[in-house]
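The values are calculated or read from the model by the stated rules, or taken from the named source; none is laboratory data. Only a predicted model underlies this, so the values are computations on that prediction, with no experimental measurement involved. Virtual Cβ from ideal backbone geometry, glycine too; neighbours counted across all protein chains shown.
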Amino acid sequence: MNASAELLKELRIERNAPPPPSASSAKWWVLAALAVAGVAVIGWVMSRGDRSIEVRTAPVIAIGNTAASASVLDASGYVVARRMATVSAKVTGRVLEVLIEEGMRVEEGQVMARLDPVDADAQFALADAQLSAARSQVASIQAQLTQAEAEAVRLTELVQRGLVSRSQHDAAVAQRDALRAQRVTAQRNVQVAADSLEIARNGVDNTIVRAPFAGVVIAKAAQPGEIVSPLATGGYTRTGIGTIVDMDSLEVEVDVGESYIGRVQPGMPVEAVLNAYPDWKIPAEVIAIIPAADRGKATVKVRVALREKDARIVPDMGVRVSFLEAERGDEAEQPRGVRVPQNAIVSRDGANRVFVVQDGKVALRGVETGVALGDGRQVLSGLAAGQSVVLDPPAELKDGDAVRVAAPR
């Protein structure tokens, strides 16, 4: 009886006991623990790998004559070319080939196009044949004249001896003189034929269109097969091969109101800004004031020369100009170079140096310092405007170290 009771107790189910852990839930707990450990390891590795030093930076500012003058008048105008030409052939003809394209640079005398030279070649061949015929005629007359001169000399001796009549002698002398005159005429005909040949040669050369000066092609006006003529005949006849511009002759033309023209003087400094590049200030100066006013607009035209030559400047660009006051004082006394904060300059190896930030790293540069400028200092060499320098560089910072720029406060 007791044995049976014990067996029944072992078979009883404990309803309040916690269920045993399943295999799947145990697996998820293990994966979660591994993920937490992996994140911790990655964070530790990243913290160990990021060895860049946080620094504060400041820009390098240019100093000098840029702010020495103030604007006395602002106006607008356009870029124009003093040398611009639509190149055409000197003769009417059919275009055989065109050797230019827009944007192409050509040199003085460079071939731009060729016309069909068939007619010009035929005229040249005819002139050459006429010259050869004229020279042959001179040779023929010269041979006859040689014989006539010998005959006249012989008859002169015979008439002195009384062996021939004087009339025969006179006829021989007249024949000689006539041949001499014919020879002179033939020689002049040779010169005329040679001149005609030279004209025909120029005609052949006129079928080749060359650039009158060095410049850039801005328009291509003809195609092979078209008829071109230097005269505007209308219809489908072209008058030009292309247009070239001498980019070295670019300048600015500005219309200034009559009420303000007294503020402008020849040689006056000017600051020009192209509408296409508003951040680019181009130094310029007044060339001349055109002595004529526009009655309709009440303006006077002013020519302005650009001191800088650049491929970005093209004809017909809009431009704003500021006429500046004449620079005052000795240029040698005005500050030069760039300005940096005083706390960007450090002493390393007995010399003044700065750390320049480039592509996430610093480069140690030696600089030549000048006078103090407020809380900054003049740097005469070693830096360029627009660069960034490190402020208060740490003692452990060295050339080539990786840095990160701190956010501005």
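Can you tell me which residues in segment 82-93 are under 28 Å from VAL314 (Cα atoms) and assigned to a loop (DSSP other than H, G, I, E, B)? ARG82, ARG83, SER88, ALA89, listed by residue number. Among the residues here, ASP128 qualifies as in contact with a helix residue (DSSP H, G or I) (Cβ under 8 Å, 6 or more places away or on another chain), of a type in the set (D, E, K, R) and modelled with pLDDT of 90 or more.
Go through the residues of segment 250-265 one by one and say whether even a single one is among the aliphatic types (A, V, I, L, M), surrounded by 17 or more Cβ atoms within 10 Å (Cβ to Cβ) and farther than 16 Å from ASP74 by Cα. Looking for residues that are among the aliphatic types (A, V, I, L, M), surrounded by 17 or more Cβ atoms within 10 Å (Cβ to Cβ) and farther than 16 Å from ASP74 by Cα, one finds at least one in segment 250-265, hence yes. Just checking, does segment 333-340 include any residue being in a strand (DSSP E or B) and modelled with pLDDT of 90 or more? No, segment 333-340 has no match at all. Of all residues in segment 365-376, those satisfying the criterion of being without any contact (Cβ under 8 Å) to a residue 60 or more places away in the chain and either more than 17 Å from ARG56 (Cβ to Cβ) or not assigned by TED's automatic domain parsing to the domain that holds GLY400 (or both) are ARG365, GLY366, VAL367, GLU368, THR369, GLY370, VAL371, ALA372, GLY374.
Considering only segment 94-118, state which residues are touching a residue at least 40 places away in the same chain (Cβ under 8 Å), more than 17 Å from the chain's Cα centre (by Cα) and not in a loop (DSSP other than H, G, I, E, B). The answer is ARG94, VAL95, LEU96, GLU97, VAL98, VAL111, MET112, ALA113, ARG114, LEU115.
Working carefully through the options ARG188, ARG183, find the one that is loosely packed, with under 13 Cβ neighbours inside 10 Å and assigned to a helix (DSSP H, G or I). Don't jump to the end; show me each part of the working.
Details: ARG183 fails: loosely packed, with under 13 Cβ neighbours inside 10 Å.
After applying the criteria, what remains is ARG188.
Restricting the search to segment 125-160, which residues are among the hydrophobic types (A, V, I, L, M, F, W, C) and under 20 Å from ALA200 (Cα atoms)? Reasoning before the result, please.
So in segment 125-160, the residues among the hydrophobic types (A, V, I, L, M, F, W, C) come out as 125-127, 129, 131, 133-134, 138-139, 141, 143, 145, 148, 150, 152-153, 155, 158-159.
Selection gives ALA125, LEU126, ALA127, ALA129, LEU131, ALA133, ALA134.
The set of residues in segment 220-239 that are small (Gly, Ala, Ser) and at pLDDT below 80 comprises ALA232, GLY234, GLY235. Against the test of being farther than 30 Å from ARG339 by Cα and modelled with pLDDT of 90 or more, the options VAL91, VAL111 yield a single qualifying residue, VAL111. Being at pLDDT 90 or above and assigned to a helix (DSSP H, G or I) holds for only one residue in VAL204, VAL173, VAL217, and it is VAL204.
Restricting segment 350-364 to residues that are out of contact with any helix residue (DSSP H, G or I) (no Cβ under 6 Å at 6 or more places or on another chain) and crowded, with 17+ Cβ neighbours inside 10 Å, which is farthest from SER52 (Cα to Cα)?
Applying the filter and picking the extreme gives ARG353.
Total residues in segment 355-391 satisfying the condition of being part of a strand (DSSP E or B), touching a strand residue (DSSP E or B) at 6+ places or on another chain (Cβ under 6 Å) and polar (S, T, N, Q): the figure is 4. Cβ-Cβ contacts under 8 Å between residues 6 or more apart (or on different chains), taken from a first residue in segment 184-196 that is farther than 19 Å from ASP121 by Cβ to a second residue that is of a type in the set (Lys, Arg) and modelled with pLDDT under 95, are listed as VAL190/ARG135. Of the strands (runs of 3 or more DSSP E) lying entirely inside segment 223-301, those containing at least 1 residues that are basic (Lys, Arg) are 281-294. Cβ separations smaller than 8 Å between residues 6+ apart or across chains give the following pairs from segment 275-298 residues that are on the phi > 0 side of the Ramachandran plot to residues that are assigned to a strand (DSSP E or B) and not basic (Lys, Arg): ALA298/GLY257.
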